Amino acid sequence: MTDDEWRPTGRTRLRGLWFGLLAYEVEETRMVNTWMPGAPHSPMNWRPTYRWRRVRFGGVIDLQGTVPGKRIAAHLDQQAAAGR
C-alpha cells in the first residue's frame, strides 16, 4: 500500500434512509502532502485526511430481523478476508 491509498480507520456509522431502513458508512484515511510553493520541504507537510464512504452490500440494513451492528461487523470481516 502507498500513502495515497485510502485505509479504513475502524470507525463506522449508520445512516438513515427512507422508510426506516439504514445503510452504513466506513471512515477512511490517507496521507496528503500539504506542501505549498515557496515553503520549506518537511515531513511535517504530510497530514492525514479523512472521508466517509458508503458501503454497498445487498442493499440496506433492515431493522426488522437483523441486528445492524452484527451485520456490519460480519460484512467488514468478509471484506477484510477478501483483501478489499
Distant-in-sequence amide H partners of VAL32 (H built 1.01 Å from N, under 5 Å)
ARG47, THR49
Amide H neighbours of ARG15 under 5 Å, counting only residues 5+ apart in sequence or on other chains, H built in-plane at 1.01 Å?
ALA23, TYR24, GLU25
With θ taken as phi - 60° and the coefficients 6.51, -1.76 and 1.60, list the Karplus ³J(HN,Hα) couplings across segment 40-53 in order, rounded to whole Hz; mark glycine and proline as x.
x, 6, 7, x, 5, 6, 7, 10, x, 10, 10, 8, 10, 10
Collect residues whose amide H, placed 1.01 Å from N in the peptide plane, falls under 5 Å from the amide H of TRP6; neighbours closer than 5 in sequence don't count.
none
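Values quoted throughout were computed directly from the atomic coordinates according to the rules given, and no laboratory measurement underlies them. In this text the structure is predicted, and so the values were computed from the model without any measurement.
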